[in-house]
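Asker: Pasting a structure below so you can have a look.
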Amino acid sequence: MADLEGTVSLANADHLNTVTLPVAPPIQPQKSIDDSLDEPIVETIMRDLQMIWFKLQYVLNPKMQKEAGAKLRDWDLWGPLLICLFLAMTLGFQHSSSTEGIFGTIFVLVWLGAFVVTLNAKLLGSNTSILRSVCVLGYCIAPLDISAVLLVLMGKEMHFVFRFVAAALGYAWASFSSISFMSTLLPEEKKLLGVFPVLLFYLVLAWFVLMA
Amino acid sequence: MDTNIRLYNTPASSGPAYLPPAPVSADSVINVSQEGQTSAAAPINTPAPENKSIIPVCGLFTLDYYKPFFNVTTSDVQERIKQAFIPNRPHFFPTIQSNPDVYGPFWIYTSLIFMLAVASNLNYIVQKKSGDPYNFDFNCIGFATSVIYSFGFILPLILNFILNIFGSKTRYVEILCIYGYSTIVFIPAALLSSTGWSIVEWALLLYAGGSSSVFLMTNLWTELEKYILNKRYIIMGLIAASQFLLVLIIKFRFF
(Lines give C-alpha, C1' and ligand atoms only; values in the text may rest on other atoms or scores of the structure.)
Protein backbone atom coordinates (compact mmCIF):
# COMPACT_ATOMS: atom_id res chain seq x y z
CA MET A 1 0.00 0.00 0.00
CA ALA A 2 1.56 3.27 -1.07
CA ASP A 3 1.86 6.07 1.43
CA LEU A 4 0.86 9.57 0.65
CA GLU A 5 3.75 11.98 0.77
CA GLY A 6 4.12 15.53 -0.17
CA THR A 7 4.27 19.09 1.06
CA VAL A 8 1.49 21.48 1.56
CA SER A 9 2.13 25.18 1.18
CA LEU A 10 -0.05 27.89 2.61
CA ALA A 11 -0.47 31.04 0.56
CA ASN A 12 -0.63 34.03 2.91
CA ALA A 13 1.67 32.66 5.54
CA ASP A 14 2.30 36.04 7.04
CA HIS A 15 -1.34 36.31 8.08
CA LEU A 16 -1.21 33.15 10.09
CA ASN A 17 -0.62 34.86 13.35
CA THR A 18 -3.45 37.31 13.18
CA VAL A 19 -6.95 35.96 13.10
CA THR A 20 -9.86 38.30 13.24
CA LEU A 21 -13.28 37.07 14.12
CA PRO A 22 -16.34 39.25 14.17
CA VAL A 23 -17.33 39.64 17.76
CA ALA A 24 -20.47 41.39 18.92
CA PRO A 25 -19.66 44.15 21.40
CA PRO A 26 -20.70 43.24 24.92
CA ILE A 27 -24.03 44.72 25.81
CA GLN A 28 -23.45 45.37 29.47
CA PRO A 29 -20.60 44.45 31.72
CA GLN A 30 -21.97 41.50 33.62
CA LYS A 31 -20.99 41.37 37.22
CA SER A 32 -19.89 38.09 38.61
CA ILE A 33 -22.15 36.31 41.04
CA ASP A 34 -20.01 37.25 44.05
CA ASP A 35 -20.12 40.93 43.27
CA SER A 36 -23.84 41.04 42.72
CA LEU A 37 -24.60 39.25 45.97
CA ASP A 38 -23.20 42.08 48.03
CA GLU A 39 -24.64 45.00 46.22
CA PRO A 40 -27.67 46.79 47.59
CA ILE A 41 -31.03 45.69 46.27
CA VAL A 42 -31.64 49.06 44.69
CA GLU A 43 -28.71 48.48 42.39
CA THR A 44 -29.95 45.05 41.32
CA ILE A 45 -33.40 46.34 40.63
CA MET A 46 -32.09 49.35 38.77
CA ARG A 47 -29.94 47.15 36.58
CA ASP A 48 -32.86 44.91 35.70
CA LEU A 49 -35.06 47.90 35.04
CA GLN A 50 -32.39 49.33 32.76
CA MET A 51 -32.31 46.12 30.77
CA ILE A 52 -36.07 46.16 30.49
CA TRP A 53 -36.03 49.80 29.39
CA PHE A 54 -33.34 49.06 26.85
CA LYS A 55 -35.28 46.19 25.32
CA LEU A 56 -38.44 48.26 25.35
CA GLN A 57 -36.70 51.01 23.41
CA TYR A 58 -35.38 48.48 20.98
CA VAL A 59 -38.81 47.03 20.37
CA LEU A 60 -40.71 50.29 20.23
CA ASN A 61 -38.34 52.33 18.13
CA PRO A 62 -38.38 51.18 14.50
CA LYS A 63 -35.09 52.87 13.73
CA MET A 64 -33.25 50.81 16.30
CA GLN A 65 -34.40 47.58 14.74
CA LYS A 66 -31.97 47.91 11.88
CA GLU A 67 -29.20 46.97 14.29
CA ALA A 68 -28.32 43.41 15.08
CA GLY A 69 -31.04 41.34 16.66
CA ALA A 70 -28.40 39.83 18.90
CA LYS A 71 -29.32 42.26 21.62
CA LEU A 72 -32.63 40.53 22.08
CA ARG A 73 -30.96 37.21 22.49
CA ASP A 74 -30.73 37.41 26.26
CA TRP A 75 -34.41 37.24 26.95
CA ASP A 76 -36.14 37.99 30.17
CA LEU A 77 -39.76 37.57 31.14
CA TRP A 78 -40.00 40.42 33.66
CA GLY A 79 -40.63 42.97 30.96
CA PRO A 80 -43.51 41.10 29.35
CA LEU A 81 -44.95 40.41 32.79
CA LEU A 82 -44.93 44.09 33.72
CA ILE A 83 -46.41 45.07 30.38
CA CYS A 84 -49.12 42.41 30.61
CA LEU A 85 -50.00 43.36 34.18
CA PHE A 86 -50.23 47.01 33.22
CA LEU A 87 -52.51 46.22 30.31
CA ALA A 88 -54.71 43.93 32.37
CA MET A 89 -55.00 46.46 35.19
CA THR A 90 -55.73 49.37 32.85
CA LEU A 91 -58.50 47.44 31.15
CA GLY A 92 -59.77 45.85 34.34
CA PHE A 93 -60.23 48.99 36.40
CA GLN A 94 -62.47 50.49 33.79
CA HIS A 95 -65.10 47.91 34.60
CA SER A 96 -65.35 47.81 38.34
CA SER A 97 -68.03 45.13 38.27
CA SER A 98 -66.08 42.47 36.42
CA THR A 99 -62.47 43.36 37.05
CA GLU A 100 -61.39 39.83 37.88
CA GLY A 101 -62.94 38.45 34.73
CA ILE A 102 -61.25 40.93 32.46
CA PHE A 103 -57.94 40.78 34.30
CA GLY A 104 -57.89 36.99 34.12
CA THR A 105 -58.94 36.93 30.48
CA ILE A 106 -56.23 39.36 29.41
CA PHE A 107 -53.55 37.62 31.41
CA VAL A 108 -54.38 34.18 30.04
CA LEU A 109 -54.81 35.55 26.53
CA VAL A 110 -51.43 37.26 26.50
CA TRP A 111 -49.36 34.38 27.81
CA LEU A 112 -51.25 31.57 26.14
CA GLY A 113 -51.42 33.51 22.89
CA ALA A 114 -47.71 34.27 22.85
CA PHE A 115 -46.93 30.66 23.62
CA VAL A 116 -49.25 29.30 20.92
CA VAL A 117 -47.87 31.68 18.30
CA THR A 118 -44.33 30.62 19.19
CA LEU A 119 -45.30 26.96 19.07
CA ASN A 120 -46.77 27.53 15.65
CA ALA A 121 -43.50 29.02 14.42
CA LYS A 122 -41.56 26.09 15.85
CA LEU A 123 -43.87 23.52 14.28
CA LEU A 124 -43.48 25.20 10.92
CA GLY A 125 -39.79 24.54 11.16
CA SER A 126 -38.12 27.50 12.81
CA ASN A 127 -35.47 26.68 15.40
CA THR A 128 -35.75 29.66 17.67
CA SER A 129 -35.92 29.26 21.40
CA ILE A 130 -39.44 29.35 22.77
CA LEU A 131 -38.83 31.76 25.64
CA ARG A 132 -36.96 34.25 23.49
CA SER A 133 -39.88 34.44 21.11
CA VAL A 134 -42.37 34.77 23.97
CA CYS A 135 -40.20 37.56 25.35
CA VAL A 136 -40.21 39.53 22.09
CA LEU A 137 -43.93 39.05 21.57
CA GLY A 138 -44.55 40.23 25.12
CA TYR A 139 -42.47 43.35 24.65
CA CYS A 140 -44.30 44.18 21.43
CA ILE A 141 -47.54 44.51 23.40
CA ALA A 142 -46.18 47.79 24.84
CA PRO A 143 -47.75 50.01 22.11
CA LEU A 144 -51.14 48.57 23.04
CA ASP A 145 -50.43 49.63 26.64
CA ILE A 146 -49.93 53.15 25.37
CA SER A 147 -53.17 52.92 23.37
CA ALA A 148 -55.05 51.73 26.43
CA VAL A 149 -53.78 54.66 28.47
CA LEU A 150 -54.74 57.05 25.67
CA LEU A 151 -58.24 55.62 25.56
CA VAL A 152 -58.61 55.98 29.31
CA LEU A 153 -57.52 59.60 29.04
CA MET A 154 -59.95 60.19 26.20
CA GLY A 155 -62.85 58.98 28.26
CA LYS A 156 -66.05 57.32 27.20
CA GLU A 157 -67.64 60.42 25.78
CA MET A 158 -65.15 60.69 22.97
CA HIS A 159 -66.47 59.79 19.57
CA PHE A 160 -65.93 56.23 18.49
CA VAL A 161 -63.77 57.21 15.53
CA PHE A 162 -61.04 58.72 17.70
CA ARG A 163 -60.96 55.69 19.96
CA PHE A 164 -60.80 53.45 16.93
CA VAL A 165 -57.89 55.44 15.52
CA ALA A 166 -55.99 55.27 18.79
CA ALA A 167 -56.43 51.51 19.04
CA ALA A 168 -55.62 51.03 15.36
CA LEU A 169 -52.38 52.99 15.69
CA GLY A 170 -51.35 50.89 18.66
CA TYR A 171 -52.15 47.73 16.73
CA ALA A 172 -50.18 48.84 13.68
CA TRP A 173 -47.15 49.76 15.78
CA ALA A 174 -47.19 46.47 17.70
CA SER A 175 -47.65 44.40 14.54
CA PHE A 176 -44.89 46.22 12.71
CA SER A 177 -42.42 45.67 15.54
CA SER A 178 -43.17 42.01 15.90
CA ILE A 179 -43.36 41.22 12.17
CA SER A 180 -39.80 42.34 11.68
CA PHE A 181 -38.80 39.83 14.34
CA MET A 182 -41.08 36.98 13.27
CA SER A 183 -40.12 37.15 9.63
CA THR A 184 -36.53 36.33 10.51
CA LEU A 185 -37.60 33.03 11.99
CA LEU A 186 -39.09 31.32 8.98
CA PRO A 187 -38.08 30.70 5.36
CA GLU A 188 -39.69 32.68 2.58
CA GLU A 189 -42.38 30.24 1.55
CA LYS A 190 -43.73 29.92 5.08
CA LYS A 191 -43.34 33.49 6.22
CA LEU A 192 -46.97 34.46 5.94
CA LEU A 193 -48.00 31.31 7.77
CA GLY A 194 -45.93 32.44 10.74
CA VAL A 195 -46.88 36.10 10.57
CA PHE A 196 -50.65 35.62 10.37
CA PRO A 197 -51.00 34.24 13.93
CA VAL A 198 -49.01 37.21 15.23
CA LEU A 199 -51.38 39.62 13.49
CA LEU A 200 -54.37 37.71 14.88
CA PHE A 201 -52.91 37.80 18.39
CA TYR A 202 -52.41 41.56 18.41
CA LEU A 203 -55.78 42.05 16.74
CA VAL A 204 -57.47 40.23 19.60
CA LEU A 205 -55.63 42.35 22.16
CA ALA A 206 -56.36 45.57 20.26
CA TRP A 207 -60.01 44.58 20.13
CA PHE A 208 -60.02 44.17 23.89
CA VAL A 209 -58.37 47.55 24.33
CA LEU A 210 -60.93 49.19 22.08
CA MET A 211 -64.01 47.55 23.49
CA ALA A 212 -63.35 47.58 27.21
CA MET B 1 -2.37 -9.96 -3.14
CA ASP B 2 -4.97 -12.15 -4.75
CA THR B 3 -7.45 -12.68 -1.98
CA ASN B 4 -11.04 -11.59 -2.45
CA ILE B 5 -11.58 -8.42 -0.57
CA ARG B 6 -14.97 -7.19 0.51
CA LEU B 7 -15.06 -3.70 1.92
CA TYR B 8 -17.55 -2.62 4.52
CA ASN B 9 -17.81 0.99 5.53
CA THR B 10 -18.77 0.92 9.16
CA PRO B 11 -19.00 3.87 11.52
CA ALA B 12 -16.00 4.27 13.65
CA SER B 13 -17.85 3.79 16.86
CA SER B 14 -19.28 0.42 16.11
CA GLY B 15 -17.47 -2.67 17.08
CA PRO B 16 -14.00 -3.12 18.44
CA ALA B 17 -11.03 -2.26 16.32
CA TYR B 18 -9.44 -5.59 16.85
CA LEU B 19 -11.18 -8.87 16.41
CA PRO B 20 -9.75 -12.33 16.01
CA PRO B 21 -10.38 -13.61 12.54
CA ALA B 22 -13.48 -15.74 12.56
CA PRO B 23 -13.71 -19.02 10.69
CA VAL B 24 -16.12 -17.96 7.95
CA SER B 25 -15.07 -18.87 4.47
CA ALA B 26 -12.14 -18.75 2.16
CA ASP B 27 -12.81 -15.13 1.41
CA SER B 28 -11.40 -12.77 3.90
CA VAL B 29 -13.60 -9.91 4.84
CA ILE B 30 -11.81 -6.69 5.47
CA ASN B 31 -13.58 -4.11 7.56
CA VAL B 32 -12.57 -0.58 6.63
CA SER B 33 -13.40 1.80 9.43
CA GLN B 34 -13.61 5.51 8.95
CA GLU B 35 -10.18 6.21 10.31
CA GLY B 36 -8.76 4.34 7.39
CA GLN B 37 -7.35 1.48 9.40
CA THR B 38 -8.16 -1.94 8.21
CA SER B 39 -8.70 -4.74 10.58
CA ALA B 40 -9.85 -8.28 10.43
CA ALA B 41 -13.53 -8.00 10.74
CA ALA B 42 -16.35 -9.85 12.29
CA PRO B 43 -17.94 -12.52 10.16
CA ILE B 44 -20.73 -11.63 7.81
CA ASN B 45 -23.50 -12.97 9.91
CA THR B 46 -23.05 -10.74 12.94
CA PRO B 47 -25.99 -8.47 13.58
CA ALA B 48 -25.81 -4.92 12.26
CA PRO B 49 -24.47 -2.23 14.57
CA GLU B 50 -27.06 -0.98 17.03
CA ASN B 51 -29.12 2.00 16.11
CA LYS B 52 -27.76 4.79 18.26
CA SER B 53 -30.77 7.10 17.96
CA ILE B 54 -32.84 7.58 21.07
CA ILE B 55 -36.45 6.61 20.66
CA PRO B 56 -38.57 8.61 23.08
CA VAL B 57 -40.87 6.75 25.38
CA CYS B 58 -43.96 8.61 24.28
CA GLY B 59 -43.51 10.51 21.05
CA LEU B 60 -46.81 12.29 21.55
CA PHE B 61 -45.15 14.86 23.81
CA THR B 62 -42.34 15.86 21.50
CA LEU B 63 -42.67 18.60 18.93
CA ASP B 64 -41.16 16.42 16.24
CA TYR B 65 -44.16 14.14 16.35
CA TYR B 66 -46.38 16.94 15.13
CA LYS B 67 -44.01 18.55 12.65
CA PRO B 68 -45.07 16.43 9.64
CA PHE B 69 -48.56 17.87 9.99
CA PHE B 70 -47.32 21.41 9.50
CA ASN B 71 -45.39 20.70 6.36
CA VAL B 72 -47.17 23.22 4.16
CA THR B 73 -46.16 26.43 2.48
CA THR B 74 -48.11 29.66 2.20
CA SER B 75 -49.21 28.92 -1.35
CA ASP B 76 -50.42 25.45 -0.32
CA VAL B 77 -52.64 26.91 2.37
CA GLN B 78 -53.91 29.65 0.06
CA GLU B 79 -54.75 27.09 -2.60
CA ARG B 80 -56.61 24.91 -0.10
CA ILE B 81 -58.61 27.83 1.21
CA LYS B 82 -59.61 28.83 -2.30
CA GLN B 83 -60.77 25.29 -2.98
CA ALA B 84 -62.77 25.25 0.23
CA PHE B 85 -64.94 28.12 -0.90
CA ILE B 86 -66.20 26.08 -3.85
CA PRO B 87 -68.22 23.26 -2.36
CA ASN B 88 -69.18 21.21 -5.37
CA ARG B 89 -65.81 20.15 -6.72
CA PRO B 90 -64.19 17.05 -5.27
CA HIS B 91 -60.63 18.19 -5.87
CA PHE B 92 -59.82 18.91 -2.28
CA PHE B 93 -59.58 15.45 -0.81
CA PRO B 94 -57.09 13.97 -3.29
CA THR B 95 -54.95 17.09 -2.87
CA ILE B 96 -54.60 16.74 0.84
CA GLN B 97 -54.39 12.99 1.11
CA SER B 98 -50.68 13.05 0.54
CA ASN B 99 -50.03 15.96 2.88
CA PRO B 100 -52.79 16.74 5.35
CA ASP B 101 -52.06 19.70 7.57
CA VAL B 102 -53.28 20.78 10.98
CA TYR B 103 -52.17 24.41 10.53
CA GLY B 104 -55.20 25.30 8.42
CA PRO B 105 -57.89 23.80 10.68
CA PHE B 106 -56.39 25.11 13.90
CA TRP B 107 -55.95 28.72 12.77
CA ILE B 108 -59.29 28.75 10.95
CA TYR B 109 -61.01 27.69 14.18
CA THR B 110 -59.11 30.31 16.16
CA SER B 111 -59.95 33.06 13.66
CA LEU B 112 -63.57 31.94 13.69
CA ILE B 113 -63.71 32.23 17.47
CA PHE B 114 -62.36 35.74 17.32
CA MET B 115 -64.65 36.67 14.42
CA LEU B 116 -67.67 35.40 16.34
CA ALA B 117 -66.74 37.51 19.36
CA VAL B 118 -66.23 40.59 17.19
CA ALA B 119 -69.39 40.06 15.18
CA SER B 120 -71.46 39.35 18.25
CA ASN B 121 -70.24 42.55 19.85
CA LEU B 122 -70.86 44.61 16.71
CA ASN B 123 -74.31 43.10 16.44
CA TYR B 124 -75.07 44.15 19.99
CA ILE B 125 -73.84 47.67 19.34
CA VAL B 126 -75.89 47.98 16.19
CA GLN B 127 -79.04 46.59 17.74
CA LYS B 128 -79.11 48.34 21.09
CA LYS B 129 -81.16 51.44 21.64
CA SER B 130 -79.21 54.56 22.49
CA GLY B 131 -80.11 54.52 26.16
CA ASP B 132 -78.89 51.03 26.93
CA PRO B 133 -75.68 50.59 28.86
CA TYR B 134 -72.73 49.54 26.85
CA ASN B 135 -71.66 46.14 27.96
CA PHE B 136 -69.00 43.84 26.62
CA ASP B 137 -69.84 40.22 27.15
CA PHE B 138 -66.54 38.54 27.93
CA ASN B 139 -68.10 35.17 28.52
CA CYS B 140 -68.95 34.64 24.89
CA ILE B 141 -65.28 34.13 24.13
CA GLY B 142 -65.00 31.20 26.49
CA PHE B 143 -68.18 29.71 25.13
CA ALA B 144 -67.04 30.17 21.56
CA THR B 145 -63.70 28.58 22.31
CA SER B 146 -65.20 25.45 23.80
CA VAL B 147 -67.87 25.05 21.15
CA ILE B 148 -65.69 25.60 18.11
CA TYR B 149 -62.76 23.56 19.32
CA SER B 150 -64.95 20.63 20.36
CA PHE B 151 -66.91 20.72 17.10
CA GLY B 152 -63.72 21.08 15.19
CA PHE B 153 -61.64 18.34 16.77
CA ILE B 154 -64.10 15.84 18.16
CA LEU B 155 -66.53 15.63 15.25
CA PRO B 156 -63.79 14.53 12.83
CA LEU B 157 -62.78 11.93 15.40
CA ILE B 158 -66.30 10.53 15.48
CA LEU B 159 -66.64 10.65 11.71
CA ASN B 160 -63.30 8.95 11.20
CA PHE B 161 -64.29 6.29 13.69
CA ILE B 162 -67.55 5.63 11.86
CA LEU B 163 -65.83 5.54 8.49
CA ASN B 164 -63.22 3.14 9.76
CA ILE B 165 -65.89 0.89 11.21
CA PHE B 166 -67.57 0.79 7.82
CA GLY B 167 -64.30 -0.22 6.24
CA SER B 168 -62.59 2.93 5.03
CA LYS B 169 -58.93 3.50 5.51
CA THR B 170 -59.10 7.22 6.20
CA ARG B 171 -56.95 8.82 8.86
CA TYR B 172 -58.05 11.24 11.55
CA VAL B 173 -55.78 13.98 10.21
CA GLU B 174 -57.36 13.85 6.75
CA ILE B 175 -60.89 14.17 8.10
CA LEU B 176 -59.76 16.93 10.46
CA CYS B 177 -58.21 18.76 7.52
CA ILE B 178 -61.42 18.61 5.47
CA TYR B 179 -63.53 19.72 8.41
CA GLY B 180 -61.19 22.57 9.20
CA TYR B 181 -61.11 23.98 5.72
CA SER B 182 -64.85 23.56 5.32
CA THR B 183 -65.39 25.83 8.33
CA ILE B 184 -63.79 28.74 6.56
CA VAL B 185 -67.11 29.72 5.00
CA PHE B 186 -68.36 30.58 8.48
CA ILE B 187 -65.80 33.35 8.91
CA PRO B 188 -67.13 35.79 6.30
CA ALA B 189 -70.67 34.69 7.13
CA ALA B 190 -70.17 35.62 10.78
CA LEU B 191 -68.52 38.91 9.94
CA LEU B 192 -71.25 39.95 7.52
CA SER B 193 -73.95 38.84 9.96
CA SER B 194 -73.02 41.62 12.33
CA THR B 195 -75.11 44.07 10.35
CA GLY B 196 -78.12 43.38 12.49
CA TRP B 197 -80.93 42.24 10.25
CA SER B 198 -82.21 38.89 11.31
CA ILE B 199 -83.06 37.73 7.82
CA VAL B 200 -79.53 38.46 6.61
CA GLU B 201 -78.06 36.55 9.54
CA TRP B 202 -80.21 33.51 8.88
CA ALA B 203 -79.47 33.57 5.18
CA LEU B 204 -75.73 33.85 5.63
CA LEU B 205 -75.46 31.25 8.35
CA LEU B 206 -77.64 28.77 6.51
CA TYR B 207 -75.56 29.27 3.41
CA ALA B 208 -72.42 28.65 5.43
CA GLY B 209 -73.85 25.50 6.97
CA GLY B 210 -75.05 24.22 3.62
CA SER B 211 -71.83 25.03 1.83
CA SER B 212 -69.69 23.28 4.41
CA SER B 213 -71.95 20.22 4.42
CA VAL B 214 -71.87 19.95 0.63
CA PHE B 215 -68.11 20.42 0.67
CA LEU B 216 -67.68 17.62 3.16
CA MET B 217 -69.98 15.26 1.32
CA THR B 218 -68.51 15.97 -2.10
CA ASN B 219 -65.01 15.36 -0.93
CA LEU B 220 -65.83 12.23 0.99
CA TRP B 221 -67.86 10.92 -1.94
CA THR B 222 -65.12 8.60 -3.15
CA GLU B 223 -65.12 6.97 0.24
CA LEU B 224 -68.88 6.98 0.58
CA GLU B 225 -69.44 5.44 -2.83
CA LYS B 226 -68.06 2.20 -1.57
CA TYR B 227 -70.90 1.67 0.84
CA ILE B 228 -74.41 0.55 0.24
CA LEU B 229 -77.10 3.17 0.16
CA ASN B 230 -78.24 2.92 3.76
CA LYS B 231 -74.86 3.50 5.28
CA ARG B 232 -74.16 6.31 2.86
CA TYR B 233 -77.29 8.16 3.88
CA ILE B 234 -76.53 7.68 7.54
CA ILE B 235 -73.17 9.33 7.18
CA MET B 236 -74.44 12.12 4.99
CA GLY B 237 -77.25 12.73 7.42
CA LEU B 238 -74.84 12.90 10.31
CA ILE B 239 -72.63 15.39 8.51
CA ALA B 240 -75.51 17.64 7.56
CA ALA B 241 -77.06 17.44 11.02
CA SER B 242 -73.83 18.38 12.76
CA GLN B 243 -73.22 21.36 10.53
CA PHE B 244 -76.74 22.66 11.04
CA LEU B 245 -76.42 22.16 14.76
CA LEU B 246 -73.39 24.40 14.63
CA VAL B 247 -75.38 26.97 12.67
CA LEU B 248 -78.16 26.96 15.26
CA ILE B 249 -75.75 27.29 18.17
CA ILE B 250 -73.98 30.18 16.51
CA LYS B 251 -77.19 31.97 15.60
CA PHE B 252 -78.82 31.70 18.98
CA ARG B 253 -75.85 32.36 21.18
CA PHE B 254 -73.99 35.00 19.28
CA PHE B 255 -76.56 36.91 17.28
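Asker: Using the beta-carbon distance between B:Leu60 and A:Asn127 and R0 = 35 Å, what value does 1/(1 + (r/R0)^6) give for FRET efficiency, to the nearest 0.05?
Answerer: 0.95
Asker: Estimate the FRET efficiency between B:Ser75 and A:Phe86 by the formula 1/(1 + (r/R0)^6), using the beta-carbon distance for r and 35 Å for R0, to the nearest 0.05.
Answerer: Efficiency, from the Cβ-Cβ distance: 0.30.
Asker: So, one more: Sticking with the crude label model, points 7 Å out along Cα→Cβ, report the distance from B:Val126 to A:Glu43 in nm, one decimal please.
Answerer: Calculated label separation equals 6.3 nm.
Asker: So, one more: Need one value: the accessible area of B:Arg232 in square angstrom, 1.4 angstrom probe, rounded to the nearest 10.
Answerer: Probe radius 1.4 Å; accessible area of B:Arg232 about 40 Å².
Asker: Would you mind calculating the gained length between A:Phe54 and A:Leu77 on full extension (0.36 nm times residue separation, minus the Cα-Cα distance), in nm to one decimal?
Answerer: 6.9 nm
Asker: Can I ask one more? Show A:Thr184, A:Thr128 ordered by accessible area, largest first, where the area counts protein heavy atoms only and the probe is 1.4 Å.
Answerer: Sorted by accessible area, descending: A:Thr184, A:Thr128.
Asker: Hey, rough spin-label estimate for A:Met158 and B:Asn164, points 7 angstrom out along Cα→Cβ, what's it come to in nanometres?
Answerer: 5.6
Asker: Using 0.36 nm times the number of residues separating B:Trp197 and B:Ile249, minus their current alpha carbon distance, what extension gain do you get?
Answerer: Between B:Trp197 and B:Ile249, full extension yields 17.0 nm more.
Asker: Mind checking the mean number of beta-carbon atoms from other chains within 10 Å of the Cβ atoms in B:69-76?
Answerer: 5
The values are calculated or read from the model by the stated rules, or taken from the named source; none is laboratory data. Just so it is clear, the structure is predicted and the values come from calculations on it, not from any experiment. With ideal geometry, Cβ positions are generated from the backbone for all residues, glycine too; neighbour counts draw on all protein chains shown. Please note that ligands, DNA and RNA were not included when accessible areas were found on the heavy atoms of the full protein model with its side chains. Shrake-Rupley method; radii C 1.70, N 1.55, O 1.52, S 1.80 Å.
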